[in-house]
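Trainee: Have a look at this one.
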Amino acid sequence: MSNNKNATMRVRLPVNICFFTLLLAFVGVVNIASASRLTRPSLFLMQLLWIFLGILLVLGISFVRTRSLKLIAYPFYGIVIFLLLLVFVVGTSAKGSQRWLDLGIFRVQPSELAKLCMVFATARFCTDYEVPGGYRLRDLIRPFNLSRPIIFSVAVIFLLVTNKINTYLPFLGEANSAKTLLLVGGLLLITLLWFFLSFLQLQKEGWHIYQAVSLFDVVFLPFVLILAQPDLGTASIVLAICGSMILFCGLRPGSLIIATLFGICIAIVGWNFVLKDYQKQRVESFLNPEADVRGHGYHAAQSIIAIGSGQVLGKGFGEGTQTQLSFLPENHTDFVFSVLAEEWGFFASCIVLLLFLALIIAMLKVGARAQERFASLLVVGAAAVIFWHVTINVGMVTGILPVVGVTLPFVSYGGASLMTKMVAIGICTNVAIWRRA
Amino acid sequence: MPFSENRFFIAGFIPVTVFLIIIVRLFYLQIIRGDFYHDRSQSNFIQERPINHSRGMVLEQSGLVLIDNRPAHDLYVTFALLPDNRKTLKQIGQLMALSSGKIKELDQNLKHALETKDARWIELGTLKSREICSKINDVVETESIGGVQIDEPIQGKTYQCQIRFNALQLPSKDAAFERLRELLEFSKEDFASYVTSAQKKAQGLGQFKPVLFMTDIPFEAYARIEAAVSLGLIPGVATFDSVKRRYIYDNMASHALGYLNEISAKELRTKIDYRPGQRIGRKGIEKVYEKELRGQDGVERYVVDAKGRRFGQAWEQTLLGDDRIEAPKPGHGLILSLDYELQAAAERAFLGEAGSVIALEVGTGFILALASFPNYNPNAIVARDNKKLLSAMSKNPLKPWINKAVQEHYAPGSTFKAITAVAGFEHHILTPSTHQNCTGVFHLGRASWRCFKREGHGRIEVVSALKTSCDSFFYNLGYQLGPDRLAFTAKLLGFGRKTGIDLDMEIPGIMPDKDFYKKRLGYYAPGFVVNNSIGQGEVTVTPIQLAVAYDAILNGGTIYKPQLVREIINVQGERIEEKKPVAIAHLKESEENLRLVKEGLAYVMQPGGTASGLLWRYDLPELSKWLRESGVVIGGKTGTAQVVKLSKAIKHLDPTKVAYMQRDHAWFVGFAPVDNPEIVIVTMTEHGGFGGTASAPVVAEMVKTWYQKVRGKGRYTHLGVSLVK
């Protein structure tokens, strides 16, 4: 770190990344112009304005030192958590979920910010908390952190003070029965044992912040808050991004297997108890889109028809019947790839996908050349943001994945989504520029 | 370097793999399945509207129209547009700015008053504002809402208006239906069922669509309703033009012509080119020639967006091109071989209650008349109020639904002797000079069969045997032939199999041979063929089979397929197809032998013949006179089919002394002229007793019509020159 002061800023923007990004943004403008040709003909101008603002944002981020980005990681995290909580209090609902914060001049979607803040927070956490040989599952969860028995004992005390244990657990029978006493005694014993184990860990490892917080906590807090909005698409993207970064840092094989099994269990439990009906319907309609063509499978089915009917060379700009006759839903935002595939055909779709691939690989190359763990992880996170958005979006419009509201980076219309991805690009340019010479 | 290059390389491998999968998916969707999805996208935006056309007409052979189409008017009701008293009340309540609670209360009052038929005026409220009062007054007057009263009592200087309503006078659905009923001049009971069935169709979203209320309303009612609609008196009611099939001569040839009916939901699944509500031929010509008569609907295609709105015409041109409109192909017309005069004569002259008459052109197989009794009126069957008629017809023991000419089989009785004789010649057992001695009884082993003439006919050859209808001669001949040889010739002549007539549900009858008995009874006894040789026993025939077989005997040995349609014409009246006689089989034997059989049949109405009584029928003096004086000789054969097996001694019972259902069936097969037959007529009078009495007069009457009105006139006499080129 001694050379940090000597780090000279060599103004050499990574040209390939910028080129790919602008090309993709241009593809977006063309398709937005076609999709909104008859309904809102000036929409592509708005998108051009957003792109211009995005470029400014990229430049802005590029000139901040990478070290400063490391410093703002946790404060940024804190602000986003606050905003996510605020959404539940004063948020604006849209389509059955609370996602927006109205700030008067413009609206903020904290879950969109969360994708970015998680890149920063995860990168920061993984930089500071390193386990040689790769993380084990218990390094990620840290079950014997002191915070765990404290929270548990608070819950137990709450049960005892309110004396409502019999109300919550009716099978125990009458209050103060032998069963109840046995249970309370058992709970107290577990609490004591847990405290004991926590102190053992404390003695062994000494005091540090990770005795209170684990990576698991950092990731799960925003995840749960977004899931509760409810916004399954963003929540799963957040999880995927963080997961990718942790995986990149290194997870031991045994832990990987257990984590996978655990994930499957969670999916089963989640399907039965957590997912809302509309989310289940989306998944069901994904598994069998033809069964419900007029209902929830409608979007998926129409999107597939649009893509398939584009065939090799497409129907031409402004000639896509699925797009122009509004059979394709939300054709300038989530389903913009279907517009592309319908009007420009298979080859153009492949070219756009290859552009994304080139962009992601260029980003990873920047990461590979970074000198610091934090910078590397930041870039990997940024690449993960782009990768997961493209995969989930194209996956859902081609019927490989269920329909969740995820946009296609740089191509879909929308300021919030574009800004997020521009920040990701900004991270890469930043790291590329501030790389030690 | 915090992470190794290798790690980034592996990380980069993941997006490569994933995007490859996506590209494979795109390849599958866009290239492998591209055509399929292209069609799918087209069916998304292409809406098709059928262009209707009329069904082909059906004419008889001289060109008289038997079936055509007439304009009709169907009545539709859109429930959502009907007046609603609760809505009206709410509307006025809102104008008066009443609270929603008050409006609810008024709604309850209205409901109560309607239930109790309370005709009192109910207070809506009092208003102080002159403006609102005049506004309400305007609404009430412009929308002609009855049952709302606005009073302006003068109380001091302040303005005040009082609004009251009468529950029974407010415009309501019931009142609208009542007005409609009066316009249609229907009784209350009849009308109620229409209202309930329409209400059923109008549930849910159906209330916003016009629902078919009544088909084919009378023209006077149509005129009254149209007048009321144009005055805006009955909102939600509309009439639409439609086309109804018309059977011009009502009952005439009903079984041959058949009728149309609405296609069922089940049939729609297999018949893809039909739409709900369309009609399809159910019986007779209408069914068999459905394809020709129906033609093909045209299609107009246009472009719609996702909400079903029609899109711009310019796009329609580019997307759909020149095949946007496909013109309909109108149905073809049919010229039947039926002759109006002969058909009318058959139906007029038929004496029994049930049975059938068939007239065949000798040497072609074309059917000049085909009647089955009792018949029905196809117009009534497809009419609106047909339930009673249909159930009465289904319960009728005389089975009016059945076309007895092709769907019913009977023992042929003595008419079969001619066939036995032909079989004898065919197998060289019989020669013109083969004589047999009729002693009045035929012995076979211990069994014996009686000739109807107890004293016997003495030594007799085939012509005399046919003339006198000697049973013994044919017992013996049949025995010599055996069952298989008799069945062989009979089957060649068309018995025991379908004739192939262009009518539906023809049955084959039974022509037993040895195998038949072995299958049915497990054994064969030589006596069976003895019975069959005179048309008793197990042998059964349909009237059309008998007509075809006699045609073959008379025309020199060719078995023709019977046909009802002579020509198919297009909508302009140009001939598209002319049906030719279709020969199915030929008899081997010489025409000389067949002439002998014909000779044996020629004396049936001569003095001494079995139908000679017809020459002096006191109940048919004109016919008898014509037969005696015209010089026309009718040949033929009587036949009696026993319905109830009685003892052999009393073979034929006096028909007047037996209950109707136990009387014998009466056959008569006649032809004329005797020397060179042109027409062969089969009449079967069910339970008619003796053929010569019950059935022969029908044949005679038709022959008379043939000579007086049909013969030599040629076809198309009623057609304009331009119709057939």
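The numbers here are math on the coordinates, done by the rules we state, and not lab data. It should be emphasised that the depicted structure is a prediction, and the values quoted were computed from it without experimental measurement. Ideal geometry is used to build each Cβ from the backbone, glycine not excepted, and the neighbour counts take in all protein chains shown.
Trainee: Restricting things to Cα coordinates, could you compute the convex hull volume per residue of the protein assembly as shown in Å³?
Mentor: 343
Trainee: Around B:Lys637, under 14 Å between beta carbons, what's the net of Lys plus Arg minus Asp minus Glu among the other residues? Kindly include the intermediate steps, with their values, before the conclusion.
Mentor: Details: positive: B:Lys417, B:Lys467, B:Lys598; negative: B:Asp471, B:Asp551, B:Glu599.
Around B:Lys637, the charge tally is 0.
Trainee: In the neighborhood of B:Gln343, defined by Cβ-to-Cβ distances under 13 Å, what is the net charge if each Lys or Arg adds +1 and each Asp or Glu adds -1?
Mentor: Working: positive: B:Arg348, B:Lys709; negative: B:Glu60, B:Asp250, B:Asp339, B:Glu341, B:Glu347, B:Glu701.
That works out to -4.
Trainee: Here's another thing I want to ask about it. Could the peptides B:38-48, B:701-711 be put in order, highest first, of the mean number of other beta-carbon atoms found within 10 Å of their residues?
Mentor: Working: B:38-48: 17.2, B:701-711: 21.1.
Those peptides, ordered most packed to least, come out B:701-711, B:38-48.
Trainee: What is the distance, in nm, between label points placed 7 Å from the Cα along the Cα-to-Cβ direction at A:Ile151 and at B:Asp619?
Mentor: According to this spin-label approximation, the distance is 10.8 nm.
Trainee: Share of Cα-Cα pairs in the range A:151-252 beyond 17 Å, in percent?
Mentor: Numbers: 3577 of 5151 pairs.
Beyond 17 Å sits 69 percent of the P(r) for the range A:151-252.
Trainee: Against the longest alpha carbon principal axis of chain B, how many degrees, from 0 to 90 and to the nearest 10, is the axis of helix B:173-184 turned?
Mentor: 40
Trainee: Now for a separate question. Got a sec? Charge dipole of the range A:121-240, +1 on Cβ for Lys and Arg, -1 for Asp and Glu; which of A:Leu181, A:Phe125, A:Asn145 is way out at the positive end?
Mentor: Of the listed residues, the answer is A:Leu181.
Trainee: About its Cα centre, what dipole magnitude does the range B:215-304 give when the only charges are +1 on Lys and Arg Cβ and -1 on Asp and Glu Cβ, stated in debye to the nearest 20?
Mentor: On the way: 15 positive and 13 negative charges, 83 e Å.
That gives a dipole near 400 debye.
Trainee: I'd like the FRET efficiency for B:Arg454 and B:Lys588, computed as 1/(1 + (r/R0)^6) with the beta carbon distance as r and R0 of 35 Å, rounded to 0.05.
Mentor: Working: r = 37 Å, r/R0 = 1.06.
Plugging the Cβ-Cβ distance into 1/(1 + (r/R0)^6) gives 0.40.
Trainee: Taking all pairs of different Cα atoms in the range B:385-482, averaging 1/r and flipping that mean, what Kirkwood radius in angstroms comes out? Provide the component values of the computation, followed by the final result.
Mentor: Values: mean 1/r = 0.0623 Å⁻¹.
16.0 Å is the Kirkwood radius here.
Trainee: Using R₀ = 41 Å, calculate the FRET efficiency as 1/(1 + (r/R₀)^6) where r is the Cβ-Cβ separation of A:Lys204 and A:Asn272; round to 0.05.
Mentor: Efficiency, rounded to the nearest 0.05: 0.55.
Trainee: Something else: Using a simple charge model, +1 on the beta-carbon of Lys and Arg, -1 on the beta-carbon of Asp and Glu, nothing else, what dipole does chain B show about its Cα centre, in debye to the nearest 20? It would help to have the intermediate numbers written out before the result.
Mentor: Working: 92 positive and 79 negative charges, 328 e Å.
It works out to roughly 1580 debye.
Trainee: Explain nothing, just the number: relative contact order of chain B, from Cα pairs under 8 Å at least 6 residues apart, as a whole percent.
Mentor: Working: 1407 pairs, mean separation 99.8, N = 725.
Reported as a whole number, the value is 14 percent.
Trainee: Any idea what the relative contact order of the range B:364-405 is, in percent, if you count C-alpha pairs under 8 Å spaced at least 6 apart? Let's see the in-between values first.
Mentor: Numbers: 24 pairs, mean separation 20.8, N = 42.
50 percent.
Trainee: Right, next: Once the piece of chain linking B:Phe36 and B:Thr431 is laid out straight, how much longer is it, given 0.36 nm per residue of separation minus the C-alpha distance between them? Before the final figure, lay out the partial values.
Mentor: Details: separation 395, 0.36 × 395 = 142.20 nm, distance 7.42 nm.
Length difference between fully extended and current span is 134.8 nm.
Trainee: Where the centroid of each part is defined by its Cα atoms, how far is the range B:585-608 from the range B:465-488 in Å?
Mentor: That distance is 15 Å.
Trainee: Here is a further query. What's the extension gain from A:Leu38 to A:Leu256 if we count 0.36 nm per residue and subtract their Cα-Cα distance? Let's see the in-between values first.
Mentor: On the way: separation 218, 0.36 × 218 = 78.48 nm, distance 5.05 nm.
The span from A:Leu38 to A:Leu256 would gain 73.4 nm if fully extended.
Trainee: For the range A:229-281 and the range B:251-316, what is the separation of their C-alpha centers, rounded to whole Å?
Mentor: That distance is 55 Å.
Trainee: Using only C-alpha atoms and all pairs of different ones, pull out the Kirkwood radius for the range B:84-166 in Å with one decimal.
Mentor: Working: mean 1/r = 0.0757 Å⁻¹.
Roughly 13.2 Å, rounded to one decimal.
Trainee: Here's another thing I want to ask about it. Once the other residues with Cβ under 11 Å from the Cβ of B:Ala585 are scored (Lys, Arg +1; Asp, Glu -1), what is the net sum?
Mentor: Working: positive: B:Lys491, B:Arg497, B:Lys561, B:Lys588; negative: none.
Around B:Ala585, the surrounding residues sum to +4.
Trainee: Please express the Cα-Cα pair-distance distribution P(r) of chain A as a list of whole percents, one per 10 Å bin, running from 0 to the bin with the greatest distance.
Mentor: 4, 18, 27, 25, 15, 7, 4, 0
Trainee: In percent, what relative contact order does the range B:201-336 have, based on Cα pairs under 8 Å that are 6 or more apart in sequence? Before the final figure, lay out the partial values.
Mentor: Numbers: 120 pairs, mean separation 21.4, N = 136.
Relative contact order, the range B:201-336: 16 percent.
Trainee: What's the average, rounded to a whole number, of partner chain beta-carbon atoms within 10 Å of each residue's beta-carbon in B:36-43? Walk me through the numbers on the way to the answer.
Mentor: Working: counts 3, 10, 7, 3, 8, 15, 3, 1.
Per-residue shielding by partner chains comes out at 6.
Trainee: Among B:475-484, A:253-262, B:123-132, how do they line up from the highest to the lowest mean number of other beta-carbon atoms within 10 Å? Before the final figure, lay out each step's value.
Mentor: On the way: B:475-484: 21.5, A:253-262: 12.5, B:123-132: 14.3.
Highest-to-lowest ranking by the protection proxy: B:475-484, B:123-132, A:253-262.
Trainee: Could you tell me the distance between the Cα centroids of the range B:325-372 and the range A:112-170, to the nearest Å?
Mentor: 94
Trainee: Also, quick follow-up: Could you pull out which residues in the range B:279-323 have an amide N less than 19 Å from a spot 7 Å beyond the Cα of B:Lys271, following the Cα-Cβ vector?
Mentor: So the set is B:279-299.
Trainee: Which peptide among A:57-68, B:23-34, A:362-373 comes first, and what is the full order, when sorted by highest mean count of other Cβ atoms within 10 Å? Please list the in-between numbers first.
Mentor: On the way: A:57-68: 15.7, B:23-34: 17.5, A:362-373: 22.2.
Going from most to least packed, we get A:362-373, B:23-34, A:57-68.
Trainee: Over the Cα atoms of the range B:246-337, how large are the radius of gyration and the largest Cα-Cα distance (Dmax), in Å?
Mentor: Cα only, the range B:246-337: 18.4, 54 Å (Rg, Dmax).
Trainee: From the mean inverse distance of alpha carbon pairs (Kirkwood) and the Cα radius of gyration, derive Rg over Rh for chain B. Don't skip to the answer; put the middle values down first.
Mentor: On the way: Rg = 38.0 Å, Rh = 32.0 Å.
With Rh from the inverse mean 1/r over Cα pairs, Rg/Rh is 1.19.
Trainee: With +1 on each Lys and Arg Cβ and -1 on each Asp and Glu Cβ, how big is the dipole of chain A about its Cα centre, in debye rounded to the nearest 20?
Mentor: Working: 32 positive and 19 negative charges, 271 e Å.
For this selection, approximately 1300 debye.
Trainee: If you don't mind, another one. Could you point to the residue in B:Thr116, B:Leu106, B:Asn137 farthest towards the positive end of the range B:84-166's charge dipole, with +1 and -1 charges on the Cβ of Lys/Arg and Asp/Glu respectively?
Mentor: Positive-most Cα among the choices belongs to B:Leu106.
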